[in-house]
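Below: the structure, in structure tokens.
The values are calculated or read from the model by the stated rules, or taken from the named source; none is laboratory data. These figures come from a predicted structure and were not determined experimentally. Every residue, glycine among them, receives a Cβ derived from its backbone with ideal geometry; neighbour counts consider all protein chains shown.
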Amino acid sequence: MSSHSPQNATSPSTANYTEKLWPNFWGWVIVVGLSAASILIFIPISPTAGFIAFFVMLIGLSTMLITTTPTISVTADTLRVGRAQIERQYVGEVSIYTGEAAFEQRGRLLNGLAYLCIRGWIKPVVKIEITDPADRTPYWLTSSRNPEYLAAALGGATKAQPDQD
């Protein structure tokens, strides 16, 4: 039997790069802290009610955090960042920003028409130029824990911006 079975073949829709923008450790500490606060609210009724409220809040907040965590996915044909998707042919220059330069991109240098998928707990950002003439969005700005890998998956047309600390 041949070792080149269809299961081993890579289809065009197979992701070249995937990243979930999970909350950091402190985000989860806040979830536990808010859930624990429900014990204080319900313990005057009964300790059982307090601990039930804790577990309900913990499950609810954790579910909310997990289901709203955006994914960055790069395939041969498409780029998906959060809920937005675009064909790779419309991806232009890719720039990486860290430190003060990333802060500036998220703040005073931000174009109001840009698509944002940024998370405060992830400092580096990647700016992806959109070249589709039918799209008014000039660029996408997304947080990434691995900006170099994301840029490489988008073709390596990377322009790294130095820290301005």
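Key figures for this structure:
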quantity: Test result for Phe51, of a type outside the set (Gly, Ala, Ser) and touching a helix residue (DSSP H, G or I) at 6+ places or on another chain (Cβ under 9 Å); calculated: yes
quantity: Flag if Ile122 is among the β-branched types (Val, Ile, Thr) and outside any strand (DSSP E or B); calculated: yes
quantity: Helices (runs of 4 or more DSSP H) enclosed by the stretch 16-106 - at least 2 residues per element that are free of Cβ contacts under 8 Å to residues at least 60 places away in the same chain and not assigned by TED's automatic domain parsing to the domain that holds Glu148; calculated: 25-42, 47-67
